[in-house]
Amino acid sequence: MSTEISLIPDDVVINKIYFFINQKVMLDRDLALLYGVETKRLKEQVKRNLSRFPEDFMFELTQEEFENWRSQFATSNSDKMGLRYAPMVFTEHGVLMLSSILNSEKAIQTNIQIMRIFTKIRKMLVDTTELRLDVETIKKKIENQGKNIELVFQYLDELIEKQEPKTEREKIGYKK
């Protein structure tokens, strides 16, 4: 039985997962920080094993995407954010593949933790999707109920119009 070590708080890892082009991704510099290696060394390992990283596992940002990404940080000092060069961006599968090229115990444990967090995020997304569908179903029912109530009032109005005018009835009781 192996002992599991939670190296990093889940919130820290979650804050390093971005949604980019409709997929969850992580930047090379964030992964390097989590694995306890230099970004330069992580990139070297990836380049040595490039055949393990097809485009749907890892890609580099285009110049336009890179400039847009840098502008999101609202800082004039790009070196401060570690964004002098376009980063490598890893999808969930790319992060998983990193475990096969980084052999340190910390990298392995961190990778396991990241995979578990990706799974939690996927589950949360599925749960919120189900909630959205339930809300839409309720909205449709409410709309239908509103239409039904309007129809009932229309029928009542028609019934009232069709009734013959009432004549004043003679009062019952003591007469003076």
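For this structure, a couple of remarks:
- Top-ranked residue of the range 65-84 - restricted to ones that are more than 17 Å from VAL25 (Cβ to Cβ), open to solvent by 80 Å² or more (accessible area, probe 1.4 Å) and of a type outside the set (D, E, K, R), ranked as modelled with the lowest pLDDT: SER76
- Unique residue being hydrophobic (A, V, I, L, M, F, W, C), in contact with a helix residue (DSSP H, G or I) (Cβ under 6 Å, 6 or more places away or on another chain) and either modelled with pLDDT under 85 or open to solvent by less than 100 Å² (accessible area, probe 1.4 Å) (or both) when the list is ILE117, ILE142: ILE117
The values are calculated or read from the model by the stated rules, or taken from the named source; none is laboratory data. Here the structure is a predicted model, which is why all the values come from computation and not from measurement. For neighbour counting, all protein chains shown are included, and Cβ atoms are generated from backbone atoms with ideal geometry for every residue, glycine included. Quick note on the areas: whole protein, heavy atoms, side chains included, nothing else; ligands and nucleic acids left out. Shrake-Rupley method; radii C 1.70, N 1.55, O 1.52, S 1.80 Å.
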